[in-house]
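One structure is given here, and the rest of the page talks about it.
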Amino acid sequence: MGASPTADNFVVFEKVQKSYDGETLVVKDLNLSIGKGEFLTMLGPSGSGKTTCLMMLAGFETATHGEILLDGKPINNIPPHKRGIGMVFQNYALFPHMTVAENLAFPLEVRKIGKAEREEKVRRALDMVQMGEFGGRRPAQLSGGQQQRIALARALVFEPELVLMDEPLGALDKQLREHMQFEITNLAHELGITTVYVTHDQTEALTMSDRVAVFDDGRIQQLAAPDVLYEEPENSFVAQFIGENNTLLGKVESIRDGNCTVSLDSGETIDAKAVNVSAVGDRTLVSIRPERVEFNKSRLMEGAHTLKAEVLECIYMGDVFRTRLRVAGKEDFVVKTRNAPDQARLEAGKVIELGWLPDDCRALDA
Amino acid sequence: MPGLPPYASFTQKIWYYAFRVICGIVFFFLIAPIIVIVPLSFNAEDFFTFTPEMLALEPDGYSLKHYNDFFTNPDWQQAMWNSIRIAPMATLLSVSFGTLAAIGLSQPHVPFRRALMAILISPMIVPLIISAAGMYFFYSRVGLQGSYWGVVLAHAALGIPFVIITVTATLVGFDRSLTRAAANLGANPVTTFAKVQMPLILPGVISGGLFAFITSFDEVVVVLFVGSAGQKTLPWQMFTGLREQISPTILAVATILVTISAILLATIEILRRRSERLRGMSPG
């Protein structure tokens, strides 16, 4: 049993495992505490176990092992309809035979709330998502974005303390998606509800969440705030899954003061921060963000190692230039530079020297 | 049906018209025997043929006497009431059990669902005379032979396959996340079924029910085996009427039954369109 409920562990997964066939574990030993009012995103590729976790929390799947606690109480034996958790489904799951207002009134009706109060709450929920005039319509008469708002309003209308969202924006176009991301986070923070959000879209995860749990292979690979996740990935999966990253394979030469030198498979030596390597001789995957690569030698540390690079192509993207280079035998090394007057343009065929601050280059597990 | 495209070859043109002729013949053979009954049932004479007066469209050639006979003859009236007592009860049982079976068999985790489905649908596939003979021996053993409930149960068994098939078809398009959503919103399984699942599969339930009703209402083989004189239904009376007294009253009854069937089928179609509109599958 877990500790007494505090603000930090409103939802707790304790050593949770899930297997559908009794052989392979879809979720392997999950431990996770979600604070009250927190917006936590479960991010991962498909098949990583994130949706299964959400379904276990909603009560549609049962944990094979372990305990899930909500507000300090174990909920493994509570059926879904008694959990009082709001949920926004991937396909919205609006009841097609009911009007929008009837959809919203449904959770209130089954809770035996009086007609006057019900109507008041439905009206407020519709106003909250700016759909006040649509109460009499049927879901089939609404656009995707409007259905999305109704699904959100329905999940919130009975004032649950915890709301789950299963890739709710997947079916919307880019512009609407960005707008809804903003609206959902605002609503969640305004109402102070705890939100567990599942997505495979990393931009969504980074822009919306207080914390992101990166799932892969049934485990949380890293659980951190978006900026930490981006700046300080703890392993090579996270480094490659979140944002763009240049990776180089090599072997640890020396470790000193948290930094290390790595000799690449192509023969060059570079500096890196020792994150996930423990001993000299370890295989390592070093990762460096495209926007942290430096061409200007004067900005590098004294005695910093540099690499020779040949410019292969330079793509104009408006606000940035995306330059592809041949570095250490690899042809997919990408550098992003701001489109600013002080930046030198790189032309194809040019050979330059590049380097980075050791803090920006992370030596991870291979 | 699109017209013939300008590049159609000679064989394609032949086939284009041959296809229409074949369709016409098929329709003729299916419908003509039914249509011809309708004017004949208004015959003023006790014959099964068109009289010269009828062909000349003289009012004297037509009368409602066979309808009159149907509504006054105690044999026909008894038969009609038997049918009216048996068919709705058999339909009710078919719909209840058939719907439950369809819902159960559409759950992916049910073991042997294919085998169970085949068994439940078998009354539709097994020759009726075999089912009837089987029921006769079985019902005699358990004391249901010759009783009202015996006929009702037998007809319910014949109607269940229709309900299972139509309800299963509606369940295929049923989004399971809707039941999850209902549960998540706080509805217990019974409320979820009544408020969410049932309204959405209702068109399937009703059309299955109508088929079950028609099956029972038109059925003669099983009732001959399982029923006794007390359960003489309309089709049974028609059957004996044909053999023993050859009265055109049969034509009047047939016309009434055809009309009822047509109305019921039209109802099915209207319901189907309504459900499609509700689900947003076609523009309202």
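Structure notes:
- Chain A, relative contact order in percent, only Cα pairs under 8 angstrom and at least six apart counted: 15 percent
- Relative compactness, the stretch A:64-153, computed as alpha-carbon Rg over 2.2 N^0.38 Å: 1.26
- Panel values: the stretch B:230-273, Kirkwood radius from alpha carbon pairs, Stokes-Einstein at 37 °C and 0.692 mPa s, translational diffusion coefficient 275 µm²/s.
- Straight-line cross-link reach from A:Lys174 at under 12 Å between alpha-carbon atoms covers these aspartates and glutamates, not counting any fewer than eight positions away in the same chain: A:Asp201, A:Glu204.
- Cα-Cα P(r), the stretch A:244-365, percent of pairs per 5 Å interval: 2, 12, 22, 24, 19, 11, 6, 3, 1
- Sequence-separation-based contact order of the stretch B:84-221, relative, with Cα cut under 8 Å and 6+ spacing, percent: 43 percent
- Based on the Kirkwood approach, the hydrodynamic radius assigned to the stretch A:81-134 is 12.1 Å, with every pair of different Cα atoms included.
- Under 5 Å from the amide H of A:Lys36 lie the amide H atoms of A:Asp8, A:Asn9, A:Phe10, each residue being 5 or more positions distant or on a separate chain, with H modelled from the backbone and absent for Pro and chain starts.
- Under a model in which nothing but the beta-carbon of Lys, Arg (+1) and Asp, Glu (-1) is charged, the stretch A:257-354 shows a dipole of about 220 debye around its Cα centre.
- Our note on the geometry: Cα centres of the stretch A:139-179 and the stretch B:88-121, 36 Å apart.
- Distance between the modelled labels on B:Ser147 and B:Leu64, one decimal in nanometres: 4.1 nm (7 Å Cα→Cβ projection).
- Dimensions of the stretch A:1-136 along the principal axes, based on C-alpha atoms and rounded to the nearest Å, stand at 49, 33, 25, largest first.
- Coarse-grained scattering of the stretch B:107-152 at q = 0.14, 0.29 Å⁻¹, given as base-10 log I(q)/I(0) from a Debye sum over alpha-carbon atoms: -0.49, -0.98
- Straight-distance crosslink candidates among lysines, where the alpha carbon sits under 21 Å from A:Lys350 and sequence neighbours closer than 8 are dropped: A:Lys297, A:Lys308, A:Lys330, A:Lys336
- Rg/Rh (Cα only; Kirkwood hydrodynamic radius) as it applies to the protein assembly as shown: 1.17
- Estimated 222 nm signal from helices in chain B, with DSSP H stretches of n ≥ 4 weighted -39500 (n - 2.57), rounded to 500: -24500 deg cm²/dmol
- Given 16 as the ceiling on other Cβ atoms within 10 Å, longest exposed-site-free region of chain A for GluC sites (Glu not before Pro) in DSSP loops: A:24-243
- Shown here: chain B, whose C-alpha atoms stretch 72, 70, 33 Å along the first, second and third principal axes, sorted largest to smallest.
- Angle in degrees between helix A:144-156 and the longest Cα principal axis of chain A, rounded to the nearest 10: 70 degrees
- Measure of compaction for chain A (Cα Rg per 2.2 N^0.38 Å): 1.19
- As a ratio to 2.2 N^0.38 Å, the alpha-carbon radius of gyration for the stretch B:78-207 is 1.23.
- Degrees, to the nearest 10: A:115-128 long Cα axis against longest axis of chain A: 20 degrees
- The stretch between A:Thr24 and A:Arg345, if pulled fully straight at 0.36 nm per residue, gains 110.4 nm over its current Cα-Cα span.
- A viscosity of 0.692 mPa s and a temperature of 37 °C, combined with the Kirkwood radius over Cα pairs in Stokes-Einstein, give a translational diffusion coefficient for the stretch A:314-366 of 257 µm²/s.
- Proximal lysines relative to A:Lys73, as straight alpha-carbon distance under 18 Å, when same-chain residues fewer than 8 apart are discounted: A:Lys15, A:Lys36, A:Lys82
- Once backbone amide H atoms are built at 1.01 Å from N, A:Asp282 has A:Val252 as its partners under 5 Å, excluding neighbours fewer than 5 places away on the same chain.
- Summarising the strand pairing of the stretch A:11-231, around 50 percent of its internal DSSP beta bridges are antiparallel.
- Here the scattering of the stretch B:169-272 is modelled by Debye summation over its C-alpha atoms, one equal scatterer each and no solvent; at q = 0.10, 0.15 Å⁻¹ the log10 of I(q)/I(0) is -0.49, -0.76.
- Share antiparallel - DSSP beta bridges, the protein assembly as shown, percent rounded to 5: 75 percent
A short reminder: the numbers here are calculations on the coordinates, not readings from a lab. Everything numeric here is computed off the predicted structure, so don't read it as measured data. We place every Cβ from the backbone using ideal geometry, glycine too, and count neighbours over all the protein chains shown.
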